[in-house]
Amino acid sequence: MVLPESLLPILSGLPAKPGCYLMKSADGTVIYVGKAINLRSRVRSYFQPAADHGRKVAELVAHVADIEWIVVGSEIEALILEMNLIKRHRPKYNVRLKDDKRYPYIQVRWAEPFPKVVITRRMVEDGSRYFGPYTSAWAVHETLDVLRRMFPYLTCDRVITGQDARACLYADIKLCLAPCVGAVGQAGYRQMIDDLCRFLQGETEAVVARVRDEMNRASESLQYERAAALRDQLHAIDRVVEGQKIVSQERVDSDVIAFARDDDQACVQVFFVRRGKLIGREYFVLEGTRQADDREVVEGFVQQFYTEAAHIPERVLLPTEIDEARIVEQWLRQKRGGPEVQLVVPAGGPGRELIEMAAENATETLAMLRARWESDRSKHVAALAELQQALGLSEPPNRIECYDISNLQGTAAAGSMVVFEQGAAARKLYRKFTIKSVQGQDDFASMEEVLDRRFRRWTLAAEEARKPGGKLDAGFGRLPDLVIVDGGKGQLGRAMQVLGRYGLAETVRVVGLAKQHEELYLPGRPDSLVLERRSEGLYLIQRIRDEAHRFALGQHRVQRGKAGLASQLDAIAGIGPARRKALLKAFGDLERIRAAAVDDLAAVPGVTRDLAERIKAEL
């Protein structure tokens, strides 16, 4: 092993304290994050020539050009920091959850007088109760459909007073208790939502017993309509509970974790066992597992999953021991805010049977996913080959960029750049543009501005990358193989002008896409090109075009919202750009400004009490 001279002072300066270390490649990319009780001994051990490291460490060390470290106060702090750094940098040599997007949760807005049940991708400290994460938004919607038949919660935006003249259709079809017309009071509605939460936690027996008691009391007091409604609710609950399999005689809440793996990925299956019943399961895909051993796979998943999990049970069953299990248990106990959490590796009995059942499910899920991935990959290959042939390209267009402009009668104009690599959306490389130089509705000039800014950034990125230690910007620093501009011949002409200014007219192929018949216009060709219907190439073009339109529309809505907010604040005498900016910085949006007290408004720099009172009155 040849140690780069640049690392010698770094290794000699490492402190003998707990913390995290980030190993970087020559271009500054973080390729591995680790934690240590003693940073000095742990990091230096990677570079000991006599150390018996596996292939993974040998390959990692060969690519390390720089090391950064962060000192913390304890082992738990190092564990938490390591997880956050892995999530932020997604290093190549760490085991990591494949999807870095936020997973969906069920949110019960318990702080509201009449709590609503919604889907969210972010947990915040707002008094709500959360359940999840789930791997699929579709699965969450399915769950809520079932829950609503058992617990008919509110879905409308009415202010609930109990005084409305009539209820909506949902009350007629028994999908809402209609608190808007006083059919149920706040206490009764909140009791139902509490039952819903307990049901999601697996406390089905307690929920059934409470509903049955209430049904009996309603019947005894001759409230037959109320008793019939509770009877129907019990039947709906029973139908769901019957499908929950009893897998253990123990009454301990447990998560059961097992996995299956192939060359570079692992599929982890989690069974959620509550009060001895299997109430649900989810699968998650890990990447970066090619050279990781089983312990590393399990430990990486446990740390990342329970960082996101809304609930931590008393016991977690694992297929293999993990390193530093004591620290992980201590961290889980802190997150749970309650009794001890046990990590258990069952050697036999019902616990081992559950592990094996979860592993079998993981194997089947991985096979299903692999078949889906292969099918998608073959479609992408076919689509790119068709585009190569149709457009006369020397190679398949592995990087395709598509641009679109969105505005409303010339206001709040916005542009989008979406990127597809090897036929799949590369969302991290998407870029949005606020149109700055164009007044009124001029899509041609707006497109020219967007493209000019994009390729000017390419020249700047190239210059930056040539500097010592410079890093190439993956978004703007790489040239596309194919550019698609939404708008046909006119937009194509503007695009060619921009490419010509940067000397790229012969390097980057560009086509204009006409909306009406999805015709492609090529430079120097008078007739349009129409791809064969039902061809993979056409489907790919449509997906890219739709994604560019969606992304541009999203940015346009943001711009429109900002313009509306600015106009409402600017209409108040005494508020100019500086004070408007200070108010937005302090409160975030118009609703919070409107809800703020006069004293809070007056505390904003530049806002006098008289102005604060005027803001309050006019908003």
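The values are calculated or read from the model by the stated rules, or taken from the named source; none is laboratory data. Note that the coordinates shown come from a computational prediction; the quantities given were computed from them, not determined experimentally. Glycine also receives a Cβ, built like all others from the backbone with ideal geometry; neighbour counts cover every protein chain displayed.
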Inset, instruction - Six or more apart or on different chains, Cβ under 8 Å: which pairs go from a residue in segment 212-229 that's farther than 18 Å from residue 192 by Cβ to one that's surrounded by 15 or more Cβ atoms within 10 Å (Cβ to Cβ)? Could you list them? - result: 219/227; 224/218
Inset, instruction - Check residue 194 against each of (1) over 20 Å from residue 107 (Cα atoms); (2) in a helix (DSSP H, G or I); (3) of a type in the set (Asp, Glu) and name the one condition it does not meet. - result: (1)
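Restricting to segment 519-533, name every residue that is among the acidic types (Asp, Glu) and part of a loop (DSSP other than H, G, I, E, B). Walk me through how you get there before you give the answer.
First pass over segment 519-533, keeping only residues among the acidic types (Asp, Glu): 519, 527, 532.
If the condition is that a residue be among the acidic types (Asp, Glu) and part of a loop (DSSP other than H, G, I, E, B), then 527, 532 are the ones that fit.
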Inset, instruction - Name, by its number, the condition in (1) at pLDDT below 90; (2) within 28 Å of the chain's Cα centre (by Cα); (3) surrounded by 14 or more Cβ atoms within 10 Å (Cβ to Cβ) that does not hold for residue 400. - result: (1)
Legend entry - Selection count, segment 267-298, where residues are free of Cβ contacts under 8 Å to residues at least 40 places away in the same chain and either buried (at least 20 other Cβ atoms within 10 Å of the Cβ) or not in a loop (DSSP other than H, G, I, E, B) (or both): 4
Legend entry - Count of segment 1-47 residues which are assigned to a helix (DSSP H, G or I) and either of a type in the set (S, T, N, Q) or touching a helix residue (DSSP H, G or I) at 6+ places or on another chain (Cβ under 6 Å) (or both): 6
Legend entry - Filter pass, residue 214 being modelled with pLDDT under 85, under 30 Å from residue 275 (Cβ atoms), acidic (Asp, Glu) and surrounded by 15 or more Cβ atoms within 10 Å (Cβ to Cβ): yes
Inset, instruction - Restricting attention to segment 156-190, report how many residues are touching a Gly at 6+ places or on another chain (Cβ under 8 Å) and outside any loop (DSSP other than H, G, I, E, B). - result: 3
Inset, instruction - Return yes when residue 556 is surrounded by 18 or more Cβ atoms within 10 Å (Cβ to Cβ), closer than 24 Å to residue 425 by Cα and at pLDDT below 80 and no when it is not. - result: yes
Inset, instruction - Report whether or not residue 205 is surrounded by fewer than 14 Cβ atoms within 10 Å (Cβ to Cβ), farther than 19 Å from residue 109 by Cα and either modelled with pLDDT under 80 or touching a strand residue (DSSP E or B) at 6+ places or on another chain (Cβ under 8 Å) (or both). - result: yes
Legend entry - Scan of segment 500-517 for residues that are assigned to a loop (DSSP other than H, G, I, E, B) and under 32 Å from the mean Cα position of the chain (by Cα), ordered by number: 515
Inset, instruction - Out of 425, 390, report the one residue that is surrounded by fewer than 16 Cβ atoms within 10 Å (Cβ to Cβ) and modelled with pLDDT of 85 or more. - result: 425
Inset, instruction - Would you please name the residue that is surrounded by the most Cβ atoms within 10 Å (Cβ to Cβ), looking only at residues in segment 42-99 that are of a type in the set (S, T, N, Q) and closer than 22 Å to residue 294 by Cβ? - result: 94
